[in-house]
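The numbers here are math on the coordinates, done by the rules we state, and not lab data. Predicted model, so just to flag it, every value in this text is computed and none were measured. Note: ideal-geometry Cβ built from the backbone for every residue, glycine included; neighbour counts use all protein chains shown.
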Amino acid sequence: MYSIILATASRYLLLLLLIFSVFLLLRGHNEPGGGFVGGLVAAAAYALYFIANGIQAAKTVVRFDPIRIIAVGLLTAIASALPSFVAGERFMTAFWVDTGIPFIGKVGTPLLFDLGIYFLVLGITLCIIFSLAEEERS
Amino acid sequence: MLILLAIGYCASALAPLLYKRFRENFGWITVTFPLFMFFGFLSRYPQIAAGEVIRESVPWVPSLGINASFLLDGLSLSFVLIITLIGAAVFLYAGAYMKRYAETGRFYVYIGIFMTSMLGLVLSDNMLLMFVFWELTGISSFLLIGFNHHKESSRKAALQALLVTGGGGLALLVGIILLYRVTGSFEISSFYDMNGVITTHVLYPAITVLVLVAAFTKSAQFPFHFWLPNAMEAPTPVSAYLHSATMVKAGVYLIARMNHEIGGTPLWQDTVLVAGASTMVLSALLAFKQTDLKKLLAYSTLSVLGTLVMLLGIGSKLAIKAFFIYLIAHSLYKGALFLVAGTLDHETGTRDAAELGGLRKRMPLTTLTAALASLSMMGIIPLVGFIGKETVYKSILELEYWGMFLIAAAVLANAFVVMVTLFVGFKPFWGETMETPRQPHEAPLKMLLGPALLAALGLLFGLLPNFFIATMLEQSVLSILSETLSLKITIWQGFNLVLLLSFLTLLIGGALYLIRSKMSEKVVRMTLPAFMRPSAWYEATLRGVLWFATVQTRLVQNGYLRNYIIVIVLTTVSLASLALYRSAGEIGFAPDFSITFYEGALVFIILVSTLLLVNSRSRLKSIVALGALGFSIGIIFVIYGAPDLGLTTFAIETLNVILFVLVLYKLPGFLKLSRSSNRGRDALIALSVGVLMTFTVLAASSFELSSGLKQYFAETSVPGGKGRNVVNVILVDFRAIDTLGEITVLAVAALGVVALLNLRSDGGGR
Amino acid sequence: MTFLLAVIVGVLYAAGTYLILRRSLVKVIFGLILLGHAANLMIFTVGRLTKGTPAFVPEGAEALVEPFADPLPQALILTAIVIGFGVQAFTIVLFKRTYQTLGTEDLDNMKSTDQLPEEKP
């Protein structure tokens, strides 16, 4: 069910949706959004691209093996606990640094954790969709 | 002592390595281990002889009263010396004997573990510690009986021994716990003076029965005797060590150890007396049927164990004295004879007494050893067995009521033992030479030294009874009766009734031997009807348990998913309904009925799509219904102040549709599989769940919500979490560990998906 | 609306239970999804409904002021939704694999799949 309109549109939509997902992730601490939704939206973006252009193209666009994305996500989330570990605080105590840069403001370990969730959810969803799609082809 | 035992276990573990290294001389190396223990404990002899009791205690679980505490007194020292001495003989012997077995290293591991555990058993002061060692000896015995695990009969015998003694072990555990309830302690030494308290307690009969069941199973007393002859499947050194000299004496030890603390009552004494006496007689009679050397010895061992238990049941000073002399004498001669039987088996290739004869020229040293041990076993002057038997007779004659009956029984039993001895100790060596499967040679030194040493000790103790045994005896009797008793053992006491009885025993024994030799095989093959044999009871029980397990499993795990679900659901519904019903009075149902137009529309969509989902047979319709349902719920979330939930739901529903399209696209349409009666039943069950949940929600929301958390999060989100989206702050900061766990679960689910899809199988499901 | 949501929770539970009692595996999966929705909605309703005031602290303010929706049930539900998705994906794939391997989606034909297949000569 290849459609040239969808295929063309999906390229732009992919970028837009990805930007939107990062936007959701970053503002999640103050407004609706966050790592879960961000990751899901990003995954949906790739899913759309996959529907329009097929699995091979989608895999090329993603570039990384989804399982690696899962690993990166999980490790990032765990890494956010390291500062508390080093400092001898209770596990996963948050640490914040004020960067002073406008729009970004304070940066802390919870943001890192959220980033981990983002990658993890993205990786998991892609992993499932890609595996199923590959199965379907073979 | 704790350290010694730890060394024992470590050394056992090292055995296979050492065996690989030394092989030929391995027997000589292993023998150092029991010898080391033997002399180590022998060095404590002067202290014990002086009446001292050595105690050691290391806290283990102090809050539960469990300590690694040990007690060395006359009783335990006697057992320790027997265990280590015979251990040394057996270890050395096995070095040569076990050559034809493949896994010699493993054999030494098992037997090393056994010896250490047995030492632990007799040294333990804490009853729970003793229980642990008790079970360890049972397990090592299981492994050793089943050593020829490729033989079915071995496996069966091993399992039987494990089940019988293990069952007894459980009884012991319960007994110990009851005893703890009464005395408040697990330390044997601490309820030394509590006999009065224990024997008058309500739980006393239960304790007695449980402890005695444990002792009777371990020491193979009637009606639990049947496992011991079957245990002869084990390699001969094992039979010599575990199943005649040591492990089967653990039960006897337990009775002796507890005698002072919980004994002395008619219940205790009579039970012990009757069980012991009946075992003594019955197993002696059963020995009549056997021709296998090891089985003959096994039945005579049973008879001796019965005698020992009976002596404890008599409980007089003289009986206890007899108990000790008999115990030591038996360990020495029976160990030696078992090893001789093993040698015969090893050299000739047969263990059938009927096929052996005239070996004295080929194996002169073995013949001598066998003769010495046999004389002791028959109770002929001047060996230690003679003193043993004399004292046994004397102590029985002291009895008033049972005396005449018991003395007849004892003479009869001993006559059978004499018969067994003639078959095992003399017949193979004297008389005409018989053809055997293998050409016999004199046994190697390793296989001679052990039995010869044991037999020689039998002679030595017989000649010099007061040199060593008497002192040990005094202290041991002290441990059992807590009465001091000066003992002088004299071997020759003149011509009296007891001597006459001894002669009578020998005479009957000889006659039995002649009758048995002439008897046709037909009579021998006679068996009791099944219902009279305890081993048949055992098998029936085992079959019953297996049958019950099968039926029960088939009933509970029937393979129908919905039956499991129905059970779970109905249980939940009935319990929860009961709880709701009981608290019905406190619930004030005052829900909010107000509703706006678009809420009504959402509810309508949800209801319709649910109905569609339940009834639809079309895949496409179902997926659409599922999507509509999800999005409606998402909108409800948004309306009621949860935009994050709404967003997530929308994203997930979108992905869900993709998933379903990918999977369901290629599947057949649904069929109506269930019968309509089933559908009706399921609808009823489902309805009950629905009603219950509705009421639960209503009930739960009728209570005043007093969660401090809401306020806490509201106030600390910005100052503490640096975020204004409270939900997200909870997720990534306040409850981040939860979230971490949850995303880990997700990662695992994804890996599962990949594994399921990518690991191709060839259709067999393997 | 509390009453209506309570009814909806009940309906969803009933439908979910009914569906997981079916013999067709697809229906069982639908049932699981419905039960997931039902549970989420139940937590949400029991955690009290607060219309239109999500738990966001206004810019510049230090703390929330009543009325606002309880954020804790929401956080619980959020993770439940995502986990539910993961489990659901796993179930779907498991189902697909089962169907491929056994060639049936009737649970009654899967009674003895844990037994070894008969040796074929």
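Points to keep in mind about this one:
- For A:G108, distant residues with modelled amide H under 5 Å away: A:V97
- Shielding by partners for peptide B:683-692, expressed as the average number of C-beta atoms from other protein chains within 10 Å of each residue's C-beta, is 6.
- Take each residue in A:88-94, count the other chain C-beta atoms within 10 Å of its C-beta, and the mean is 3.
- Ordering of B:355-361, C:67-73 by burial proxy (mean other Cβ atoms within 10 Å per residue, highest first): C:67-73, B:355-361
- Members of B:K710/C:K51; B:K389/B:K446; B:K295/B:K389; B:K334/B:K389; B:K289/B:K361 lying beyond 19 Å, as alpha-carbon distances in this model show: B:K389/B:K446; B:K295/B:K389; B:K289/B:K361
- A simple spin-label model places the labels of A:L75 and B:R617 5.4 nm from each other, with each point 7 Å out along Cα-to-Cβ.
- Dipole magnitude for chain B: computed about the Cα centre from +1 point charges on Lys and Arg Cβ and -1 point charges on Asp and Glu Cβ, it is near 2380 debye.
- Selection from B:T596, B:I111, B:P643 lying farthest towards where the dipole of chain B points positive, charges on Cβ: B:I111
- Positive-end residue of B:H149, B:A215, B:V197, charge dipole of the range B:1-263 with Cβ unit charges: B:H149
- For the range B:264-526, size of Cβ-based charge dipole, Lys and Arg +1, Asp and Glu -1, in debye: 420 debye
- A straight chain from B:V657 to B:Q47 at 0.36 nm per residue would run longer than the Cα-Cα distance by 211.0 nm.
- Distant-in-sequence amide H partners of B:E187 (H built 1.01 Å from N, under 5 Å): B:M127
- Relative contact order (%) - criterion: Cα under 8 Å, at least six apart; region: the range A:1-59: 37 percent
- Chain B, relative contact order [Cα under 8 Å, separation at least 6], %: 10 percent
- Between B:Y192 and B:E398, the simple spin-label model (points 7 angstrom out along Cα→Cβ) gives 2.3 nm.
- FRET efficiency, B:K518 to B:W28 (Cβ-Cβ, R0 30 Å, nearest 0.05): 0.10
- Calculated Rg and Dmax of the range B:264-526 using C-alpha coordinates, Å: 18.4, 57
- Residues with amide H under 5 Å from that of B:S57, placed H, sequence gap 5 or more: B:F70
- Placing a label point 7 Å from the Cα of A:A57 along the Cα-to-Cβ line, the residues of the range A:111-135 whose backbone N sits under 17 Å from it are A:130, A:133-134.
- Whether the range C:1-110 is rounded, prolate or oblate, judged on the alpha carbon gyration tensor where a/c under 1.5 counts as rounded: oblate
- Cα coordinate range in chain B, projected on the principal axes (Å, largest first): 119, 60, 53
- The C-alpha atoms of chain A define a longest principal axis, and helix A:35-53 lies at about 20 degrees to it.
- Taking B:S124, B:S688 and counting other C-beta atoms within 10 Å, the order from fewest to most: B:S688, B:S124
- Most positive-pole-ward Cα, B:S622, B:V53, B:V729, against dipole of chain B from beta carbon charges: B:S622
- Among B:E390, B:E742, the ranking by other beta carbons within 10 Å of each residue's beta carbon, starting with the fewest, stands as B:E742, B:E390.
- For the range B:1-263, the Stokes-Einstein estimate of translational diffusion at 25 °C and a viscosity of 0.890 mPa s comes to 130 µm²/s, using the Kirkwood hydrodynamic radius over alpha-carbon pairs.
- For peptides B:400-413, B:160-173, sequence by mean Cβ density within 10 Å, most packed first: B:160-173, B:400-413
- Note: relative contact order over the range B:1-263, using C-alpha pairs below 8 Å and six or more positions apart, is 19 percent.
- Straight-line cross-link partners of B:K621 among the aspartates and glutamates, defined as a Cα under 17 Å from its Cα and at least 8 positions apart when in the same chain: B:E653.
- Taking the fewest neighbouring Cβ atoms within 10 Å as the starting point, the ordered list for C:M1, B:M247 is C:M1, B:M247.
- Estimated 222 nm signal from helices in chain B, with DSSP H stretches of n ≥ 4 weighted -39500 (n - 2.57), rounded to 500: -23500 deg cm²/dmol
- Cα gyration tensor shape for the range B:705-766, rounded if a/c is under 1.5, else prolate or oblate: prolate
- Global geometry of the range A:4-137, whether rounded, prolate or oblate, following the gyration tensor of its Cα atoms and the 1.5 cut on a/c: oblate
- Dipole magnitude of the range B:610-716, debye to nearest 20 (Cβ charges: Lys/Arg +1, Asp/Glu -1, about Cα centre): 880 debye
- Residue-averaged beta-carbon neighbours from other chains (10 angstrom radius) around C:91-101: 6
- Shown here: the protein assembly as shown, whose C-alpha atoms stretch 119, 67, 59 Å along the first, second and third principal axes, sorted largest to smallest.
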